[in-house]
Amino acid sequence: MLAEHACFGGVQGFYRHHSATIGLPMRFGVFAPPRALAGPVPVLTFLAGLTCNEETFVMKAGAQRVAAQLGLMLVTPDTSPRSTGVEGADAVWDFGTAAGFYLDATQAPWAAHWRMESWLMNELPAVLARRFPVRGGAQGLFGHSMGGHGALMLALRHPGRFASVSAFAPICAPMQCPWGVKAFSGYLGEDRGTWAAHDAVELIKAGVRVPALLVDQGEADKFLAEQLKPELLEAACAAAGQPLQLHRHAGYDHGYFFIASLVEEHLRHQPSALRPG
């Protein structure tokens, strides 16, 4: 435990554990709502974007008030390994540290520690189950930008694992944007067939299905045309019959004022499986 703070009748905490998967300490945040004092509660995990960490969402989005009302535990993992000693890990802001893209790297030197998918899908849930009043069964997943990519991609790669999936301004088709091409080339190598298994649009085209998606996108987002490409997700979902609510919002940019304005809708976008019993 690094820090714990009373928050809307619950506890906002920040924690670190030694990850056998990553091979290094990993950090995460947990907001335990008041109902967690009486027994296990459902979990909603938020994946943050480039340059962010486990504190960014909980400090900026203002989500704890509604999470406390709904009885949802919010989990906020860090965005990459840190202090890895890997040469070049801190050289640029959109690759390496704080830019894990929520996948397991296969290329040296990144493969040694950049194993974010395995950590998120296997090790971290086991840590949470041991240490926190987590209700078993389906969980929810959402994210922003790189984390929106992560939410869409991980839900599609693990069908049935998540009862809800949503995203703010996600990188929808990483194989077709500079951020994604840079990350996939570095972490996965040059085989674009391997890339397709980590691209939400390509996974939907391949026939994978998830619960109805909720995506919010600001129309004043400076990354919209070059990096995010929600129209490609919209077209893929329409062609495949994958339910999607894509809401476009005039005047909103890519930042946390946008997320804070809409986060309540995402927290309430939870099926009965994610309501406290």
Problem set entry | Test set (1) closer than 30 Å to GLY71 by Cβ; (2) open to solvent by 10 Å² or more (accessible area, probe 1.4 Å) - LYS182 fails condition number | (1)
Problem set entry | Test: PRO81 is of a type outside the set (Gly, Ala, Ser), under 29 Å from GLN64 (Cβ atoms) and part of a loop (DSSP other than H, G, I, E, B) | yes
Problem set entry | Residues (on the phi > 0 side of the Ramachandran plot and small (Gly, Ala, Ser)) located in the range 33-79 | GLY39, GLY62, GLY71
For this session: Please verify whether the range 107-117 includes one or more residues that are open to solvent by 10 Å² or more (accessible area, probe 1.4 Å) and more than 30 Å from PRO178 (Cβ to Cβ).
Result: no
For this session: Check whether at least one residue in the range 32-55 is in contact with a Pro (Cβ under 8 Å, 6 or more places away or on another chain), over 20 Å from PHE168 (Cα atoms), open to solvent by 10 Å² or more (accessible area, probe 1.4 Å) and in a strand (DSSP E or B), and report yes or no.
Result: yes
For this session: Being in a strand (DSSP E or B) and aliphatic (A, V, I, L, M) is the filter; apply it to the range 1-31 and report the residue that is surrounded by the most Cβ atoms within 10 Å (Cβ to Cβ).
Result: MET26
For this session: Hey, can you tell me all the residues within the range 143-175 that are over 17 Å from GLN242 (Cβ atoms) and either of a type in the set (A, V, I, L, M, F, W, C) or in contact with a Lys or Arg (Cβ under 6 Å, 6 or more places away or on another chain) (or both)?
Result: MET146, PHE168, ALA169, ILE171, MET175
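The values are calculated or read from the model by the stated rules, or taken from the named source; none is laboratory data. All of these numbers come straight from a predicted model, not from anything done at the bench. Ideal geometry is used to build each Cβ from the backbone, glycine not excepted, and the neighbour counts take in all protein chains shown. Quick note on the areas: whole protein, heavy atoms, side chains included, nothing else; ligands and nucleic acids left out. Shrake-Rupley method; radii C 1.70, N 1.55, O 1.52, S 1.80 Å.
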